[in-house]
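I have placed the structure first, in the form of structure tokens, so that the comments after it can refer back to it.
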Amino acid sequence: MGLTQITAGYVPLLDSAVLLAAEEFGFAESEGLHLNLVRETSWANIRDRVAIGHLDVAHMLGPMPLSANLGLTPLDAAVIAPMALGLGGAAITMSNAIWAKMAEAGAPEDGAPGPVGAALRKVIADRARSGESHLRLAVVHPESAHNYALRYWLKASGIDPDHDVDIVIVPPPLQADALAAKRTDGFCVGEPFGSVAVARGVGRIVTTKGQIWQMSPDKVLGTRLQWAERFPEQLAALLRSATRAARWCEDPSNHTALAAMLAREDRLGIDADLILRALTGKLQFEPGVEKAIPDFFVAYSRAANFPWVSHALWFYSQMVRWGQVSHTAENAKKAVTSYRPDLYRAALSGMGMPVPGASSKIEGALTEPTEVGAVGGHLTLGPDGFFDGTDFDPEKLDAYIVAQRRS
């Protein structure tokens, strides 16, 4: 029998590695699958092509299934996330000129988000006093982990994201170009495009998403609910092969081969050395100065592939916070059902890979690696703290939303 064909879309980013490795290194084939990999430039393309059926599954922004189910997308199609594609992997980069001002204002070189944010607040205040225009900061999509992480950091640093800066949308592969052309002053994006800006000498990484929120969610494997219900065996096979690929991707002994594959013109088309920086957590915040960022991108361990409902609800809380949706019991339920840990757990049953027994957890509560209950083995989670010391209890969603509105 021939292999079952699945068309899978991706945007050329580090965290597409799990999906690409599943096809490139035989994990999909071992499950009887062939992934027809389709590279897209923008998340809007991914969103629309999944909705109309051009793509069966896709590397997708973590909040994107929610936005589809909450009516924020142009095409009406129910979308689910039965798997996450890793934790972390993104950074905030500023132009060299803005970084110079931030350094003068006391920004540390280690990326600590509290003092870095305080320095940025001083720069913004100085610009306002001198009548200069707002800083223009780019994210990859309105409903993205990058937008919410950037806004969370700005607000916690005393900067109003809606009034003190301008936030614009730029596709990931164009971020460094926009910064070089002085169309933007900074951006929050998944690697390797922060490293691309550094290598080109047009920007400086100032902090990482993982320093703002440790072990923070980012991308998922997304698909139409209709496709998942029509082809449950194919989906389960894909979840198994992608999880095995994720474990392979995380193994340091495979990083060189993985970076070489991702660097190919038909994959990411980015220099392998830049990809290795993010894979190994040895980033260069500025040219020639290497900084070790532990757990910068986690592909498999710490339940990195589990679609936590609490991640979905945190994304939902930010959609409400920034006026994208209204908070109702019905909308919260749509957010909950956008992530499908039940499908992931069922697919991995009997594989000897530990899967969380719970589907939700308090986000930000773990200050150190902690062993938790799991199905199929031992599992360690965390640390998962927010830089400002807060946490998110999904059982107290209403109170969290109220508190954020007041902040």
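Among the GluC sites (Glu not before Pro) found in the range 228-327, those both in a DSSP coil and sparsely packed, with 11 or fewer other Cβ atoms within 10 Å of their Cβ, are Glu265. Taking the centroid of alpha carbons for each part, the range 371-407 and the range 1-63 are 30 Å apart. The angle between the Cα long axis of helix 309-321 and the longest principal axis of the Cα atoms of the chain comes to about 40 degrees, rounded to the nearest 10. Solvent-accessible area per residue in the range 90-212 equals 34 Å², computed with a 1.4 angstrom probe and all protein chains kept. Between amide H atoms placed 1.01 Å from N, distances below 5 Å from Tyr339 occur with Ala81, all of them 5 or more places distant or on a separate chain.
Between the Cα long axis of helix 145-156 and the first principal axis of the chain there is an angle of about 40°, rounded to the nearest 10.
Sort the range 90-212 into rounded, prolate or oblate with this rule: let a ≥ b ≥ c be the square roots of the eigenvalues of the Cα gyration tensor; rounded if a/c is under 1.5, and if a/c is not under 1.5, prolate when a/b is larger than b/c, oblate otherwise. In terms of gyration-tensor shape, rounded. The relative contact order of the chain comes to 21 percent, based on Cα pairs under 8 Å that sit 6 or more residues apart. Counting only the heavy atoms of the protein chains, how much of Leu276 is accessible to a 1.4 Å probe, in Å² to the nearest 10? Per-residue accessible area (Leu276): approximately 40 Å².
Centroid-to-centroid, using Cα positions, the range 115-171 and the range 65-111 are 12 Å apart.
Contact order normalised by length for the range 264-359, with contacts defined as Cα pairs under 8 Å and 6 or more residues apart; what percent is it? Result for the range 264-359 is 22 percent.
Adding -39500 (n - 2.57) for every DSSP H run of four residues or longer, then dividing by how many residues the chain holds, sets the calculated 222 nm ellipticity at -11500 deg cm²/dmol. When all alpha carbon pairs of the chain are counted in 20 Å bins from zero, the resulting P(r) reads 29, 61, 10, 0 %. Selection among Ala125, Ser144, Ile169 by position relative to the dipole of the range 90-212 gives Ala125 as farthest towards the positive end (Cβ unit charges, Cα centre). Could you pull out which residues in the range 121-163 have an amide N less than 20 Å from a spot 7 Å beyond the Cα of Val402, following the Cα-Cβ vector? It comes to no residues whatsoever.
With a 1.4 Å probe and every protein chain kept in, tell me what percent of the accessible surface of the chain is carbon plus sulfur. The computed percentage sits at 50. Considering only Ala312, Ala272, Ala145, the Gaussian network model of the chain with Cα springs below 10 Å gives its largest mean-square fluctuation to Ala272.
With respect to the chain, whose longest principal axis is taken over its alpha-carbon atoms, helix 232-250 is tilted by about 50°. Going by accessible surface with a 1.4 Å probe and the largest first, Ile124, Ile169 read Ile169, Ile124. Under 25 Å of direct C-alpha separation, and excluding same-chain neighbours fewer than eight residues apart, Lys209 reaches these lysines: Lys101, Lys122, Lys155, Lys182, Lys219, Lys282, Lys291, Lys361, Lys396. Take the range 282-407 with all the other protein chains still there, run a 1.4 Å probe, and you get 45 Å² of accessible area per residue.
The values are calculated or read from the model by the stated rules, or taken from the named source; none is laboratory data. Since the structure is predicted, the reported quantities are computational estimates derived from the model, not experimental observations. Note that each Cβ is placed from the backbone with ideal geometry, even for glycine, and that neighbours are counted across all protein chains shown. Note: accessible area is taken over every heavy atom of the protein model, side chains too, but ligands, DNA and RNA are not part of it. Shrake-Rupley method; radii C 1.70, N 1.55, O 1.52, S 1.80 Å.
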